[in-house]
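Read the structure below first, then the notes.
Derivation of every value follows stated rules applied to the coordinates shown; laboratory data play no part. Please read all numbers here as calculations on a predicted model, not as lab measurements. With ideal geometry, Cβ positions are generated from the backbone for all residues, glycine too; neighbour counts draw on all protein chains shown.
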Amino acid sequence: MCLAIPAEIVEVNWPYAVVDLNGAKRKVRVDLLDDVKPGDYVLIHVGLAIQKVSKKEVEEIESLWQKILED
Amino acid sequence: MAEDIGRLTRKIEEISEGREITLMHLCGTHEDTISKYNLRSLMPENVKLLSGPGCPVCIIPDTDLQKVFHLIERKDVVLATFGDMARVPFEDRSLFYYRSRGKDVRVVYSVFDAVEIAEKTDKDVVFFGIGFETTMPSIAVAIKDSPENFYVYSAHRYFIPAMEAIIKGELRIDGFICPGHVSTIVGVKAYERFLKYGIPMAIAGFEPQDVLLATYMLVKAINEGKPWIYNEYTRAVRYEGNVNAQRVMSEVFEADDGEWRGLGIIPETGVRIRKEFEDKDAERVFEDVFEDFVPKEDKRKKHCRCGEVLKGLITPKDCRLFMTACTPRNPIGPCMVSFEGTCAIWAKYGVG
Ligand code: SF4
Ligand code: SF4
């Protein structure tokens, strides 16, 4: 239950945003981050964006997720 | 990558030579990475990687579970919680058992799904909230912004003050691999209070390379006698953490004594909903129901050693129920129930 997953913000409707989670669109809350916009990457934990992360570093995490998903 | 790993493990071997080093990680997801990639096999004999109390499902004591059972036996409410929690047994009953008996138990992915349920029904909706500082901000946001018929039973725990109990506990730990996502919220600064114990700490991400790198940093710090807080997970963890999340948590919650499975009562780790939000607090709202509540012992769990597994005193295979009476299909203790529980992870990857 406690992992956080990186996802790209597609659309912002404060305090909600739509994120792209490996192709799946999901509605999450972004209240706790200052200034998020489409194209930003955020870590999602149980429906809430808990931190912004840099894109390059997200790609590293994504490769891990690919591996986990393919297992 | 294989080459890098080889280089790093040789380094760990070199600089740890002649010393017994015990490191502890504090996160179910770190245990998953370690077991899955068999990282313990890459360590020299003298470097031990222990698993600590890092899973919020496993550390919930039976008392909280029984209280929630007590509530749904007596009140016609919708009880919403995370999937893992719904499977934890007490005396052969779990929330799923109650669901099969016609109680309205819903598994949700997030607290906001439970809020949505409340918006669509006239019934009272109680969210059984568990988790550490990672999860608590979302619950705090929900408490501030939800309909009248939505309540929270707070079984959350503050993780950071619990670390102190582990440091002062029965085991001598030489270094900690600190949980990545708790740290995202609390920041590097939250660990400064432990510097006085002279034990190095490394905040790590969840890839095998992350865990190995953190291990290397710790062994190096021990070798050089430099206890410090190292941040390996810079891609998500800042010095200050997420200040907005910290603010909303302290607006809604306050610390109290908290009971942990295996660790007993630890001051400052319990999470109570503040008086200002008492109309959201299931324990206060349904006070009359809890009046006659008396906790019981679960006889089935007599031989379950989850408490010692959580403290790093034993590994699952030291428990005689491991993979005999206690299996992922028929779990006896919470460490076998939760996907982040050490027993379940060892069972899944055939460790031991
Ligand atoms: S809350 Fe985060 S840090 Fe703690 S066990 Fe879960 S994933 Fe690990
Ligand atoms: S194997 Fe089962 S009974 Fe033994 S400690 Fe783990 S969860 Fe408890």
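Below, the figures for the structure above:
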read-out: Neighbour-count ranking [beta-carbon atoms within 10 angstrom, fewest first] of A:Val30, B:Val188; value: B:Val188, A:Val30
read-out: Neighbour-limited loop hits for trypsin sites (Lys or Arg not before Pro), the stretch B:161-234 (at most 12 other Cβ within 10 Å; DSSP other than H, G, I, E, B); value: B:Lys168, B:Arg172
read-out: B:Phe82, B:Phe90 arranged by Cβ crowding within 10 Å, fewest neighbours leading; value: B:Phe90, B:Phe82
read-out: Overall form of the stretch B:152-213 per C-alpha gyration tensor (a/c, 1.5; a/b vs b/c); value: oblate
read-out: Amide H contacts under 5 Å for B:Glu268, placed H, 5+ residues apart; value: B:Asp256, B:Asp257, B:Gly258
read-out: Check: the stretch A:8-50 dipole with +1 on Lys, Arg Cβ and -1 on Asp, Glu Cβ, in debye; value: 220 debye
read-out: Amide H contacts under 5 Å for A:Glu11, placed H, 5+ residues apart; value: A:Val18
read-out: Cα lying deepest toward the dipole's positive end in the stretch B:99-155, options B:Val105, B:Pro147, B:Thr121, charges on Cβ; value: B:Val105
read-out: B:Asn330/B:Glu45 FRET efficiency (R0 35 Å; Cβ-Cβ; nearest 0.05); value: 0.50
read-out: Ellipticity estimate at 222 nm from DSSP helix runs (n ≥ 4, -39,500 (n - 2.57)) divided over chain B, nearest 500; value: -10500 deg cm²/dmol
read-out: Against the rule of thumb 2.2 N^0.38 Å, how large the Cα Rg of chain B comes out; value: 1.01
read-out: Given charges at beta-carbon only (K, R positive; D, E negative), |dipole| of the protein assembly as shown in Debye; value: 1000 debye
read-out: Folded to 0 to 90 degrees: helix B:208-224 orientation relative to chain B principal axis, Cα; value: 60 degrees
read-out: At most 14 other Cβ within 10 Å, DSSP loop - trypsin sites (Lys or Arg not before Pro), the stretch B:284-352; value: B:Lys296, B:Arg320, B:Arg329
read-out: Longest segment of chain B lacking GluC sites (Glu not before Pro) that sit in a DSSP loop with at most 13 other Cβ atoms within 10 Å; value: B:46-147
read-out: Dipole magnitude of the stretch B:274-339 about its Cα centre (Cβ charges: Lys, Arg +1; Asp, Glu -1), debye to nearest 20; value: 820 debye
read-out: Chain B: relative contact order in percent, alpha carbon pairs under 8 Å with at least 6 residues between; value: 22 percent
read-out: Chain B: angle of helix B:62-74 to the longest principal axis, Cα-based, in degrees nearest 10; value: 20 degrees
read-out: Residue (of B:His25, B:Pro179, B:Thr327) at the positive-pole extreme of chain B, dipole from beta-carbon charges; value: B:Thr327
read-out: Against the rule of thumb 2.2 N^0.38 Å, how large the Cα Rg of the protein assembly as shown comes out; value: 0.96
read-out: DSSP-defined beta bridges in chain B - what % are antiparallel, rounded to 5; value: 25 percent
read-out: Total lysine pairs under 18 Å (Cα atoms) in the stretch B:232-352, excluding pairs fewer than 8 apart on one chain; value: 5
